[in-house]
Structure formats: C-alpha cells, structure tokens
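Just so you know, all these numbers are worked out from the coordinates, no wet-lab data involved. Keep in mind that this is a model prediction, so the values were computed, not measured. Please note: Cβ atoms are built from the backbone with ideal geometry, for glycine as well, and neighbour counts cover all protein chains shown.
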Amino acid sequence: MTRNMATLVLAAISMLTLGSVAYAEQPGGTADEAKAMLTKAIAAVKADKAKALEMFNKGQNGFLDRDLYVFCNNLGDGMIVALGNPNAQQLIGKDVRTLKDPTGKAFGQDLFAGEHLAEGQLTEVDYMFPRPGSDKTPVPKVSLVTKAGDLGCGVGYYK
C-alpha cells in the first residue's frame, strides 16, 4: 500500500468514526442543558422582560438549541407569552392550563401549578409533545418549570 493510499484509508476511517460520534451527539438536549437554559432564561427575564420574551419567541441568543427552547406564561391568567418551538407558535395567547397531550394528560395544569411554587424551585412535568423541526409527532418530554417574577417559565428536554 502506498503512503498516499494509506493516508486516504486512515482519513476515511477517521471520517467514519468522527461522523458517527458527531451523529451520536446530534440528538436533543439533556436535562442538565435544559436546566442551564432555564437558569439563563430567568436571568434574562429579570434583566429585561420584554427583550427576553422576544428572544425566546425568536429562538435567539442561545434560547433555541437543537430541541431545547424556552416557554413562558403569565402567572395570573395563564396566557402563554413566549414559546420557542416553531411547531407550536399557534399556542401563544392560549391559557397554558388548557393544554393536554395526545394521551389526554392535562399537562398544562401541572406546568401552571409548578410555576406557582417558590422562585428558583424547579418542578418536572412529564408529557408528550412534538420536537421542534419534526413532523409534529408527539414524543415523551420532561419540562422543568419555575417562577420568574410574574411569569412561569420552563425548558423541556425530550426523552
């Protein structure tokens, strides 16, 4: 085998190996990444609520990462005011408490209840919901929610 041929074979093996590693890293965000994004979102809301909500809705400044995104609703009336999932923008303006997954679970009520606990206390809510960029097929999801001033905000990760 010539030196050039050996180099090409090694390069091909490297690409295949690195390609599978990169592919393995492509799936969605983790629980820790969701928690970190939520912490960042709370800080953004406290710094400038209007600007934060705009960034969340547009998925800007790191508030849309693969399938991780921020969602927020008013604590008073439950109206959804931010939702970074491009598949679910139609839910903005709806009462979070009315949300049910395809199995009939009223997960919106669980989100709302968790958001009313002490600020900084995280609540986990399990339900089915479509991933951003998917064909809108619901998959298992866990959302971490908390109070952020007069908002309830969360970030979920898909199982």
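At positive phi and touching a residue at least 24 places away in the same chain (Cβ under 8 Å), is that true of residue 62?
Judged against the criteria, residue 62 is a match.
Among the residues of the stretch 44-55 satisfying the criterion of being touching a helix residue (DSSP H, G or I) at 6+ places or on another chain (Cβ under 9 Å) and either free of Cβ contacts under 8 Å to residues at least 40 places away in the same chain or outside any helix (DSSP H, G or I) (or both), which is farthest from residue 90 (Cα to Cα)?
Top of the filtered list is 44.
Look at residue 103 and say whether it is within 15 Å of residue 125 (Cβ to Cβ) and hydroxyl-bearing (Ser, Thr, Tyr).
Spelling it out, residue 103 is indeed within 15 Å of residue 125 (Cβ to Cβ) and hydroxyl-bearing (Ser, Thr, Tyr).
All but one of (1) of a type in the set (Gly, Ala, Ser); (2) surrounded by fewer than 18 Cβ atoms within 10 Å (Cβ to Cβ); (3) in contact with a Leu (Cβ under 6 Å, 6 or more places away or on another chain) hold for residue 84; state the number of the condition that does not hold.
Just one mismatch for residue 84, condition (2).
Look at the stretch 56-74 and say how many of its residues are more than 21 Å from residue 142 (Cβ to Cβ) and either in contact with a strand residue (DSSP E or B) (Cβ under 7 Å, 6 or more places away or on another chain) or crowded, with 21+ Cβ neighbours inside 10 Å (or both).
Here the count works out to 2.
Quick one: how many residues across the stretch 105-132 are over 16 Å from residue 91 (Cα atoms), under 16 Å from the mean Cα position of the chain (by Cα) and surrounded by fewer than 21 Cβ atoms within 10 Å (Cβ to Cβ)?
4
Report yes if residue 156 is of a type in the set (Gly, Ala, Ser) and touching a strand residue (DSSP E or B) at 6+ places or on another chain (Cβ under 8 Å), otherwise no. Reasoning before the result, please.
On the way: of a type in the set (Gly, Ala, Ser): yes; touching a strand residue (DSSP E or B) at 6+ places or on another chain (Cβ under 8 Å): yes.
When the stated conditions are applied, residue 156 passes them.
Being acidic (Asp, Glu) and within 13 Å of the chain's Cα centre (by Cα) narrows it down to one of 65, 48, 77, so name that one. Let's see the steps before the verdict.
Numbers: 48 fails: within 13 Å of the chain's Cα centre (by Cα); 77 fails: within 13 Å of the chain's Cα centre (by Cα).
Matching residue, one of 65, 48, 77: 65.
Mind telling me which of the residues 59, 93, 76 ends up being out of contact with any Ser or Thr (no Cβ under 9 Å at 6 or more places or on another chain) and under 16 Å from residue 131 (Cα atoms)?
Of the residues listed, the single one that is out of contact with any Ser or Thr (no Cβ under 9 Å at 6 or more places or on another chain) and under 16 Å from residue 131 (Cα atoms) is 59.
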